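Only the coordinates and a few stated rules stand behind these numbers; no lab work does. Worth saying up front: this structure is predicted, and the values here are computed from it rather than measured. Reconstructed Cβ throughout: ideal geometry from the backbone, glycine too, with neighbour counts over all protein chains shown.
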Amino acid sequence: MNSLVKDMNKMDIVDSKYESKFLLDNNLKNDCSYFVAKVQLNFYQLWSMFLELPCVYESKTCKYEWKFLHVRTGAVFSIYDWKNKNKLLNTKTWYIGGSVNDKEIVNEFFMVLCDAIECYNKYYKVPIETKTFRSDNVEVQKGLDSIKRTIVDKREILKNL
């Protein structure tokens, strides 16, 4: 878990259990034709994991999307909204799609995502959601500082999304 805490402030999501690596790359072609799951995640969870703005579309079906490359296979995964009337900061329902319907690769993506969510819940949730951004753990504090700095740097953009 400590290595995951250190990796939380990077855009790459790594899960050593599967020796798989997923890279956040919003320039990927969106060919996620398989619906994988519907999840409930708030803005702070997503921002803490990705530290990057999603792709923003003018579409009425999908406004926000993050894209991930499964390095070993080239599979693409996407976390996106669907027919959402909320702004980014208030969006809580997200969908996951994939370019492949392979249970092993989908499970790898979910394990990495679940580990990142668990890390957020254990180390980041209280200091972020209470807006204290303070931790006694040095590595977590570095992550909190980075998260806060990026939120402040992007605040004007975030208000308008």
*Using a ≥ b ≥ c from the Cα gyration tensor of the chain (square roots of the eigenvalues), is it rounded, prolate or oblate, where a/c under 1.5 gives rounded and otherwise the larger of a/b and b/c decides, a/b for prolate?*
oblate
*Within a Cβ distance under 9 Å of residue 161, other residues only, what is the Lys/Arg minus Asp/Glu net charge?*
+3
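Could you tally the net charge around residue 121, taking each other residue with its Cβ under 12 Å from the Cβ of residue 121, Lys/Arg +1 and Asp/Glu -1? Walk me through the intermediate numbers first.
Working: positive: 122, 125; negative: 115, 118, 129.
Local net charge: -1.
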*If you stretched the chain out fully between residue 152 and residue 111, how much longer would it get, using 0.36 nm times the residue separation minus the C-alpha to C-alpha distance?*
11.8 nm
*When the helix-only estimate is applied to the chain (DSSP H runs of n ≥ 4, each -39,500 (n - 2.57), divided by the residue count), what is the mean residue ellipticity at 222 nm, nearest 500 deg cm²/dmol?*
-10500 deg cm²/dmol
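Assign unit charges at the C-beta atoms only (+1 for Lys and Arg, -1 for Asp and Glu), then state the dipole size of the range 2-160 relative to its Cα centre in Debye, rounded to the nearest 20.
680
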*When only DSSP loop residues count, what GluC sites (Glu not before Pro) in the range 33-81 have their Cβ near at most 10 other Cβ atoms within 10 Å?*
58
*Find how many whole Å separate the alpha carbon centroid of the range 140-161 from the alpha carbon centroid of the range 28-105.*
20
*Among the listed pairs 63/142; 103/142; 38/122; 29/125, give every one whose C-alpha distance is greater than 29 Å.*
63/142; 103/142; 29/125
